[in-house]
Ligand code: SAM
Ligand code: SF4
């Protein structure tokens with residue numbers, strides 16, 4: 001530990017991964033039983049599951065992940081889109097198209113351009129954004145990031161508005177996190193990239209991001225500054241993925257111990273080709289990636305799991321079945337990319353390039369409920385309060401209605417006739433399956449209010 005902050009001890013993780021290779025069948029059974037009771041797993045349990053290769057155990061892992069997804073998250077899939085505001089970057093992350101050494105032209109959005117991007121995102125029906133930027137204190141200072149957040153929240157359109165801005169920007173000091181909190185961000189997201197310090201230092205050869213301890217301590221500072229929801233992740237493909245998952249779990253346990261609550265979300269980005277990036281010797285294949293996602297799902301059943309358009313449509317379908325609760329849709333990963341006025345480079349190559357509307361329809365065709373809900377954070381259900389509600393099992397009485405309200409709102413404001421026919425059919429089916437009479441009546445009433453023109457209803 002570093003002054004009470006977190007870092008992953010490589011020797012400990014490697015020893016654990018070696019020791020757990022010989023776990024007994026009884027121990028494996030005990031861990032899977034615990035997972036099937038939705039009790040979550042310790043990092044040691046996770047190491048055991050990452051090491052077992054028996055077909056029987058693999059099938060139980062996937063079955064349990066699917067059950068957690070069905071029981072806790074139901075058919076809901078929350079949607080968001082990234083918004084790149086600046087690609088200036090002083091770091092040289094070897095895997096990223098924005099690395100300092102790449103000589104592509106750089107830019108940041110003017111306030112006018114920002115408004116245009118947000119207008120286009122709103123037109124797609126988005127209500128939740130992830131603000132993204134490279135690290136450059138001169139060209140993209142915190143004051144600029146704060147201006148963007150304020151501007152986005154101030155924008156109101158005829159049909160809707162952005163209701164939650166999550167922020168994925170470089171590690172910063174506690175005072176800066178305080179300012180982000182004051183700007184009312186949703187989740188503060190930061191990927192560790194790799195928990196393995198030697199690899200971390202190798203793939204971040206220069207710039208402030210080179211400092212491993214500054215990066216691993218970021219969530220401690222963010223939470224000390226009062227940010228209740230933090231989102232972690234590693235960039236799978238930089239180092240041994242089993243090591244990375246244990247690192248994530250140790251980090252989560254550290255936050256739980258110190259702040260009473262761990263990650264609000266865990267993102268599962270996998271390395272994509274990017275300008276100036278070399279192929280990695282640690283590439284994670286589809287089969288292993290699905291297994292990693294399933295094990296994370298068992299370990300932290302109440303933590304949201306996010307998959308972006310880095311993954312193909314086919315993989316996203318499988319990952320949703322394995323426990324993913326949030327996906328991006330219609331994304332651009334370049335500055336100004338939504339208005340196609342970009343003249344710089346994109347951060348990496350996307351695998352799912354479908355329009356947001358296609359993805360939303362596809363989800364419904366798969367029997368899922370696209371959700372644009374942003375209620376928890378606006379109702380103050382954040383941090384440990386959110387986790388307490390989630391663990392009580394009552395969250396579905398809140399999330400399902402909110403998902404249905406936001407889907408209905410989307411259909412009324414952005415859907416065509418075909419979409420609305422399918423949507424109404426799905427909503428009817430889901431209402432019929434609500435067994436709580438009071439909740440069922442409330443849903444029907446509010447859906448009616450939406451039809452009459454009211455908007456932004458949530459509980
Ligand atoms: N610049 C900040 C940082 O690096 O933390 C924040 C946002 S950066 C735009 C978002 C994330 O994109 C990085 O954390 C990294 O994990 C991911 N990324 C970079 N290059 C990638 C690639 N080639 N494939 C997939 N993800 C990549
Ligand atoms: Fe910059 Fe982030 Fe890309 Fe690294 S990952 S080069 S910090 S934008």
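Listed values, structure above:
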read-out: Residue identified as free of Cβ contacts under 8 Å to residues at least 40 places away in the same chain, outside any helix (DSSP H, G or I) and within 26 Å of the chain's Cα centre (by Cα) among 453, 380; value: 380
read-out: Selection status of residue 391, in a helix (DSSP H, G or I) and in contact with a helix residue (DSSP H, G or I) (Cβ under 9 Å, 6 or more places away or on another chain); value: no
read-out: Selected residue (criterion: farthest from ligand 1 (Cβ to nearest atom)) from residues of region 171-212 that are part of a strand (DSSP E or B) and in contact with a helix residue (DSSP H, G or I) (Cβ under 7 Å, 6 or more places away or on another chain); value: 188
read-out: Some residue of region 360-377 being on the phi < 0 side of the Ramachandran plot, under 16 Å from the mean Cα position of the chain (by Cα) and part of a helix (DSSP H, G or I); value: yes
read-out: Per-region count, region 132-155, residues surrounded by fewer than 20 Cβ atoms within 10 Å (Cβ to Cβ) and within 13 Å of ligand 2 (Cβ to nearest atom); value: 2
read-out: Candidates 109, 114, 121, 79, filtered to the one that is within 16 Å of ligand 2 (Cβ to nearest atom), in the same structural domain as residue 187 (by TED's automatic domain parsing) and crowded, with 18+ Cβ neighbours inside 10 Å; value: 109
read-out: Looking only at region 156-170, and only at residues there that are within 16 Å of ligand 1 (Cβ to nearest atom) and crowded, with 21+ Cβ neighbours inside 10 Å, the one that is farthest from the chain's Cα centre (by Cα); value: 170
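The values are calculated or read from the model by the stated rules, or taken from the named source; none is laboratory data. All of these numbers come straight from a predicted model, not from anything done at the bench. Here the Cβ is made from the backbone with ideal geometry for all residues, glycine too, and neighbour counts use every protein chain on show.
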